[in-house]
Amino acid sequence: MRAYDLVYNYDMQWLFSALVTPIAPEGFAYQNSYPRERIKAADVGMWLEQHRLAKPKGAVTVHHLDSHDTNEWGGLMQYRREAFGEEAARALFGFVCALEGPVMMFMGAECGSEDFYRKMLGLKRDLSPLSLGTCDYMAVDVSDPHVFAPWRAHGNQAVLPVINIASEAAVVRLGLPVD
């Protein structure tokens, strides 16, 4: 943190294979190292809050799903869509877009989902709670443990991204932090 203005979320990469089981026959590089790490979306908020508290004040993390490094890890030359499937990769990209801090992408990661990536990046850019606002990872009470819903706020606006990490559709009740 003393050397750079921004850091990448490499310390969060384990979350992807802990949330979603890889479908690729060769697995996923991080999952091969920690095959039994599992976490539900309901527990991600607590982990992210602890992660935020452990970082120096003012530290900015750039989030990514795919990067040139992650693509080459383990010699797999693998995008997340290849490791987890297209729908799971979209959910995970929505997840990183919902987090506090900027988002970066690796060219080619969007192939097959160009409209989805364009829409997600446009929302991140255009909605001030997503681009400039605060994030409370634990404010929303979510009835389904496979759904992640961080409360994003800026000024008098709020945005509630709701990301279903499960492979099936879900009906979810959300308890919102509204006065």
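The values are calculated or read from the model by the stated rules, or taken from the named source; none is laboratory data. Note that the structure is a prediction, hence the values are computed from the model and not measured. Counting neighbours? That spans all protein chains shown, and the Cβs are built from the backbone with ideal geometry, glycine included. Note: areas computed on protein heavy atoms with side chains; ligands, DNA, RNA excluded. Shrake-Rupley method; radii C 1.70, N 1.55, O 1.52, S 1.80 Å.
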query: Hey, what angle do you get for helix 114-126 against the long axis of the chain, alpha-carbon based, 0 to 90 degrees rounded to 10?
result: 30
field: Set of aspartates and glutamates near K124 by C-alpha distance (under 19 Å), chain-local residues within fewer than 8 positions excluded
entry: D66, E100, E110, E114, D115, D136
Formal net charge of residues neighbouring C135 (Cβ-Cβ distance under 14 Å; K, R +1; D, E -1): +1
- prompt: Averaged per residue, what accessible surface does the chain expose to a 1.4 Å probe, in Å²?
  reply: 56
query: Could you state the number of Å between the C-alpha centres of segment 33-86 and segment 159-179?
result: 20
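Tell me, what is the Rg over Rh of segment 64-179, with Rh the Kirkwood radius over Cα pairs?
0.99
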- request: Using DSSP to define loop residues, name the chymotrypsin sites (Phe, Trp or Tyr not before Pro) in segment 1-110 whose beta-carbon has at most 10 other beta-carbon atoms within 10 Å.
  value: Y4
- prompt: For V60, which sequence-distant residues (separation of 5 or more, or a different chain) have an amide H within less than 5 Å of its own amide H, given hydrogens modelled in the peptide plane?
  reply: V7
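Near L48, within a Cβ-to-Cβ distance under 15 Å, what is the net charge of the other residues, with Lys and Arg +1 and Asp and Glu -1?
Details: positive: K40, R52, K55, R152; negative: D11, D43, E49, E100, D136.
Here the count lands on -1.
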query: Out of the DSSP beta bridges found with both residues in the chain, what percent are antiparallel (nearest 5)?
result: 70
- request: For the chain, with all protein chains present and a 1.4 Å probe, just round the carbon and sulfur fraction of the accessible area to a whole percent.
  value: 54
message: Can you tally the net charge around A24? Count Lys and Arg as +1, Asp and Glu as -1, for every other residue whose Cβ sits under 12 Å from the Cβ of A24.
response: 0
